[in-house]
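Where a number appears in this text, it was derived from the coordinates with a stated rule and is not lab data. Every value quoted in this text rests on a predicted model; they were computed, and no experiment measured them. Neighbour counts are summed over all protein chains in view; Cβ atoms, including those assigned to glycine, are modelled from backbone coordinates with ideal geometry.
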Amino acid sequence: MNRYWKLVHLEVGRFRTMMAGLMALTLICQVGAVIWGTADALSKRDPGSTDAWKWLFLPNGKLSLALVIFHTRVLFILPIFLCIAALALYVFLIWYRDWIGGHTFIYRLLTLPTVRRHVYTAKATAIVLFVLVLLAFQLLLLVVENLIFNGMVPADLRESSSWPDLIDASLVLAVLLPRHLDQFLWSYGLGITAVLAVFTAILLERSYRRLGILYAILYLAACCAAVVWPLAALGLGHPDAYLYPEEIAAIELAMEGLVLVASVWLGFRLIAKKVTV
Amino acid sequence: MKRYLLTLLSAAFAFCGIGAYYAFGTRESLPEFRLAAVKGDAAEAAAIRLGATYGSGIDIYPEHLEIGAEGSEYDDKASFYRRTILEARWIYQDPDIRQWIRDYRQFMRGKGNMASFYKDGEWLIYAEVAPAGHRAAEPEAVLRVHLLNLASGKGSRLEMRTAGRIAGGYAGVEDVQRLGNRLHILTTQRVWPAPGNGPAKETVPEFHDYVVDLDSGKLAEDRNIPYGTEDGSKAGVYLSTITESVFYAPSDCAILRVQQYGSGPSSSKEERERFYAYDYASGQATELPASWTKAGEHRVLVLRNGRLNVLDWTQPALQAASYDLRSGQVRSEISLKASQLGADAFKEARVQNGRIYVRYVKDGTPMFAVADDGSGKWLFEGRVEPVGALADDDEAMKNLQIIAMSVNRLPAGDAE
């Protein structure tokens, strides 16, 4: 277990600069958007001017952070998409970077005096941790942005925004941070399953090289079919469907569990017995 | 331990941040509302549901809520599992269907058309009609009847072929009724003309009453119910029915509705429609006087206990009439005005449960009232009011927008 934590720490350390960069970019874009959006709205609120400023404010003439986020949402969404893209790319790079370069790191990893499956689980843990850290950082940023907004807008012009308002205002955060915990667990559980399926596909490619690409594609296609089939074929929303919705949901959950267990089992076998360096 | 500080701090930060968000951040302080009595018996408001939106703060995405006499419920407060899974099928929102699924889970599987249900003290019945495919060898439709004896809990299934040709067409069950040992399955369908019986370019709309002998399990009769149109043709005809407002309740009649969307100069903008009262026992369809169903901008037709209620809340006055289909007599004709309630106009009206329900606005406050559909006497007046911790918030009522009113059906006799 100690070896596993060491490997997790190793993976976190290898990505820390990138994480810091992504966080910094998000901070600059979003805080900048709040400052610019708030200052812009306040500057246009000139009693002598036309009513053009009114669309920047609530009907009661006040300004809320949620409204500022909504009006500057492009600057909010862009760094979030960049983070998503970077992490999606890193799901592949976390493996392939070990093989790339003059001094291939994978030699050292696979010859460590520990079971090889720790390499697999450590990389998976690291990816999940990166995602959760970025989500928590986004939540922290909203607190910071709220403080900045309160500092810029006089109290008599300020309308407070609830957390759900702030999350909804940026559009994409409502998807990343759903309002209900069960939806969060379902969505991210599916995400973790997808990452593990991709990990196993990568190991198939690493194990069987050219033929492995075909195996990997077939494996991913089978995983997708297994997860999509209950929802597409059993008629979740169809009143005439034979199975009840909760039964279809249970089948869907079982299929996701099956894909997860199959991916982990196959991944462990591949890294222990097939991957050679 | 110190070496792993970055990883440990990252994990702690992530779990604390997201944990705090789900523990506290997702709880939104939204005001609660209810329908409160101003005048009359508060029990009259029990069936009313107001669909509304509440636009707090940002006003970009207002929250949807439903307000009733017992309080309000915001859509988004329901869990993901409830919204996405348990309420994935609209039919399961009906309280009777939900109860039947609890009581007769196996029987209720795969049964999704409310009009196909029939229930009395003895039987729960579901009927379906499946047209054959366009190129099917057997052009007839298949009728399936699922029966559940409520006393014994024993289920059975009957299957038979119809005599008509529905291959490649459409057929939908509109009503199911049991008269003794004969089961009537009323359908609307579009059938292809039989070979040699007119051009097969277009399907023909038809009403059918399939009569099944429950003792023998055979199709006893296939009644093709005749109807007329203004120009005598079946072109542009759309058929529908008005059946008992309690969808599964026994009834000896149904209303057949024939609408023709003409293309001639006299009818280019006006839909022409005819109504027939169909008597299951005799198989007779009697055309209703046009004066009974005069089309208004906001007309609602409801069949309840063999009486046709016609409500038209086209301003300035609300007209409500009740006709006894058995005797063909006018039971009542009343006129109600919003000014009787101190309002300028009605926003919406419904007829249900032997009552007329109206929604209106008085001095900026959403109000509603209930009148007897026979006498027109106002029985109840009520209003929407905020309740709970945020009841004193001045903004609560300002941010509330009532969108629509619906009225739940009450078991027969409860409101009459």
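If a/c stays under 1.5 just call it rounded; otherwise compare a/b with b/c (prolate if a/b is bigger, oblate if not). Do that for chain B, with a ≥ b ≥ c from the square roots of the Cα gyration tensor eigenvalues.
Oblate, because a/c is 1.5 or more while a/b does not exceed b/c.
Round to the nearest 0.05 the FRET efficiency obtained for B:C16 and B:S327 when R0 = 60 Å and r is the Cβ-Cβ distance.
0.20
From the backbone phi of the range B:218-231, what are the Karplus-calculated ³J(HN,Hα) couplings (6.51 cos²θ - 1.76 cosθ + 1.60, θ = phi - 60°) in whole Hz, Gly and Pro given as x?
Each residue of the range B:218-231 in turn: 10, 6, 7, 8, 10, 8, 8, 7, x, 8, x, 10, 4, 9 Hz.
Calculate the mean, over all residues of peptide B:11-24, of how many other protein chain Cβ atoms lie within 10 angstrom of the residue's Cβ.
So the per-residue partner count for this stretch is 5.
So, in nm, how far is label B:Y81 from label A:T111 when the simple model puts each one 7 Å beyond its Cα toward the Cβ?
My value for the distance between the label points is 5.1 nm.
Anyone know which of B:V258, B:V237, B:V211 comes out most mobile in the 10 Å Cα GNM of chain B?
Per the Cα network of chain B with a 10 Å cutoff, B:V237 tops the list.
Which shape class, rounded, prolate or oblate, goes with the range B:213-367 when its Cα gyration tensor gives a ≥ b ≥ c as root eigenvalues, a/c under 1.5 marks rounded, and past that a/b bigger than b/c marks prolate?
oblate
Cut-off is 10 Å between beta-carbons; in what order do B:Y261, B:Y276 appear when sorted fewest neighbours first?
In increasing order of surrounding Cβ atoms, one gets B:Y261, B:Y276.
I'd like the orientation of helix B:5-20 relative to chain B: the angle between its Cα long axis and the longest Cα principal axis, in ° from 0 to 90, rounded to 10.
On a 0 to 90 degree scale, this one is about 60.
Using the Cα atoms of chain A, I'd like the radius of gyration and the largest Cα-Cα distance, Dmax, both in angstrom.
23.7, 77
Given axes a ≥ b ≥ c from the Cα gyration tensor, I'd like to know whether the range B:270-314 is rounded (a/c under 1.5), prolate (a/b larger than b/c) or oblate.
oblate
Give me the number: length gained by fully extending A:K44 to A:R269, i.e. 0.36 nm times residue separation minus the C-alpha to C-alpha distance, one decimal in nm.
In short, 74.6 nm is gained.
Straight distance only, please: which lysines reach the Cα of B:K39 with their own Cα at less than 21 Å, same-chain residues fewer than 8 apart left out?
B:K39 reaches B:K337, B:K347, B:K362, B:K377.
Using a Gaussian network model of chain B whose springs link C-alpha atoms within less than 10 Å, name the residue from B:W292, B:W313, B:W90 with the highest mean-square fluctuation.
Comparing B:W292, B:W313, B:W90 in the GNM, the peak value goes to B:W90.
List the lysines whose Cα lies under 19 Å from the Cα of B:K154, skipping any in the same chain that are fewer than 8 positions away.
Straight-distance partners of B:K154: B:K111, B:K119.
Quick one: how many lysine pairs in chain A have C-alpha atoms under 26 angstrom apart, if they're 8 or more apart or on different chains?
8
Name the most mobile residue of B:Y210, B:Y92, B:Y61, meaning the one with the largest mean-square fluctuation, in a Gaussian network model of chain B with Cα contacts below 10 Å.
So, out of B:Y210, B:Y92, B:Y61, the one fluctuating most is B:Y61.
Tell me, B:D344, B:D76 in order of fewest to most beta-carbon neighbours within 10 Å?
Least to most surrounded, the residues fall as B:D344, B:D76.
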